[in-house]
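Before any comments, here is the structure.
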Amino acid sequence: MEFGLVLPSSRGDFAPLLYSSNCHAFVNHGSRFRSPSCIKVQNQLHFMSSAALMGSNARCEASRTSTIQEASELADINWDNLGFGLVPTDYMYIAKSPRDGVFTEGGLQRFGPIQMCPSAGILNYGQGLFEGLKAYRKEDGSILLFRPEENAWRMRTGAERMCMPSPTVEHFVDAVKKTVLANKRWVPPPGKGSLYIRPLLMGSGAVLGLAPAPEYTFLIFVSPVGNYFKEGLAPINLIVENEFHRAIPGGTGGVKTIGNYAAVLKAQSIAKAKGYSDVLYLDSVHKKYLEEVSSCNVFVVKDKVISTPAIKGTILPGITRKSIIEVAQSQGFQVEERLVAIDELLEADEVFCTGTAVVVSPVGSITYLGKRVEYGDGVGIVSQQLYSALTSLQMGLSEDKSCWTVVVD
């Protein structure tokens, strides 16, 4: 059961407040409301009918839209010093799906904390997925997304594995566009970085016993970012992990569920404490075949042949990975997707990683069982060539013959 209240917010508009029978509490969808005990029936608090509540929401949305359109200038931050960390922006997008599995149209609201029942599926059983993609600003001021429909399809695949409903591809892409447009002033100037976009799909409904949640939330927030690794395009140093494993056959390694990333924190923390950039994982069965780095795919170059581990359920099907394969093939490289043994890695001419966050990151050294192997001086020729080709496409600097970029308007 739900009924509505409307409270004047600190911004001068009205923030709808809904009573939810699931948690027997008032849930604020627009302001910094903290506790049911704070509610006092005063002149500024109004019980409203559903029609009045909808009318107020429409006025709020019109006011919000006007504010978004006016806030199109660049944010006042140091664009030359962006790292890969959260910079709070203006708006986030939220849509809900009840038991029927169909998501509401959703809408924008101010970026900030969200309220959730302590027994939510995401908090108790980790029923959640996330995606990652970027928006780039061109010299003419227009903004491009890179293959957002691929992220939408990957989310749908992951949702099926995690027993969750998911937004349609059209809903996903439209929501991403709305969120980017609302935060347009946070898209870095050309050559200064990108706007990282983080869509989340989570079981927000209350559960106690182990079961799929009765309600789901689709949320998108954004943050301007620079390079993922502090080295930038400079080579990174990896250590091969042979004790901890990222994924197992039959598990969830092939989908972008949140638990996959918590599982790598232990090995990654140990590696970084020793001065390494990140960890490269081996398969959990034979402990001899490459899988992936903590958050990116890996490629090995030998005698003009580019090899990368095949996607067989334990490796995330990276969108940057897919794009690099297609770009490399278009440039005449032979690309093989297959089992890649650790011995091949140690004898390679060149090694690089790919991912949304890192784009293309050359590997300067690999350490395995105490043995360190280095790959030349500086950025490898193949890594540089593919990095330049892909980023030129992402930033709209070269002709997009494959129609991978989408203009946000």
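Tabulated values for the structure
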{"read-out": "Point-to-point label distance, D377-T157, nm (Cα→Cβ direction, 7 Å offset)", "value": "4.2"}
{"read-out": "Solvent-accessible heavy-atom area per residue, rounded to whole Å², over region 230-310 at 1.4 Å", "value": "42"}
{"read-out": "Dimensionless Rg/Rh of region 343-409 - Kirkwood Rh, Rg from C-alpha atoms", "value": "1.12"}
{"read-out": "Given K274/K304; K96/K312; K178/K401, the pairs whose alpha carbons are separated by over 30 Å", "value": "K274/K304; K96/K312"}
{"read-out": "Three-way shape label, region 314-354, alpha-carbon gyration tensor, a/c 1.5", "value": "oblate"}
{"read-out": "Å³ per residue enclosed by the Cα convex hull of region 251-373", "value": "106"}
{"read-out": "Among the listed pairs K192/K322; K138/K302; K288/K322, those beyond 29 Å (Cα-Cα)", "value": "K138/K302"}
{"read-out": "Loop trypsin sites (Lys or Arg not before Pro), region 159-238 (other Cβ atoms within 10 Å of the site Cβ: 11 or fewer; DSSP)", "value": "K230"}
{"read-out": "Loop sites in region 243-303: trypsin sites (Lys or Arg not before Pro), DSSP, at most 15 other Cβ within 10 Å", "value": "K274, K287, K288"}
{"read-out": "Gyration tensor (alpha-carbon) shape descriptor, region 84-177, a/c threshold 1.5", "value": "prolate"}
{"read-out": "Accessible-area composition of region 112-157, carbon plus sulfur, in percent [1.4 Å probe]", "value": "54"}
{"read-out": "Region 336-409 - percent of accessible surface contributed by carbon and sulfur, probe 1.4 Å", "value": "49"}
{"read-out": "Sparse-neighbourhood loop sites, trypsin sites (Lys or Arg not before Pro) in region 81-134 - DSSP loop, at most 15 other Cβ within 10 angstrom", "value": "R99"}
{"read-out": "Size descriptor, Kirkwood hydrodynamic radius, that averages inverse alpha-carbon separations across region 174-280, Å", "value": "17.3"}
{"read-out": "For region 168-178, 3J(HN,Hα) per residue [Karplus equation, 6.51 cos²θ - 1.76 cosθ + 1.60, θ = phi - 60°, Hz, x = Gly/Pro]", "value": "5, 4, 5, 5, 4, 5, 5, 5, 4, 4, 4"}
{"read-out": "Cα shape, region 137-233, gyration tensor, a/c 1.5 rule", "value": "prolate"}
{"read-out": "Accessible area in square angstrom per residue, region 74-190, 1.4 angstrom probe", "value": "45"}
{"read-out": "Residue-by-residue Karplus 3J(HN,Hα) for region 242-248, coefficients 6.51, -1.76, 1.60, Hz, glycine and proline x", "value": "10, 10, 8, 10, 7, 8, 10"}
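The values are calculated or read from the model by the stated rules, or taken from the named source; none is laboratory data. Just so it is clear, the model here is predicted, and its values are computed rather than measured. Reconstructed Cβ throughout: ideal geometry from the backbone, glycine too, with neighbour counts over all protein chains shown. Areas reflect the complete protein model, heavy atoms only, side chains present, ligands, DNA and RNA absent. Shrake-Rupley method; radii C 1.70, N 1.55, O 1.52, S 1.80 Å.
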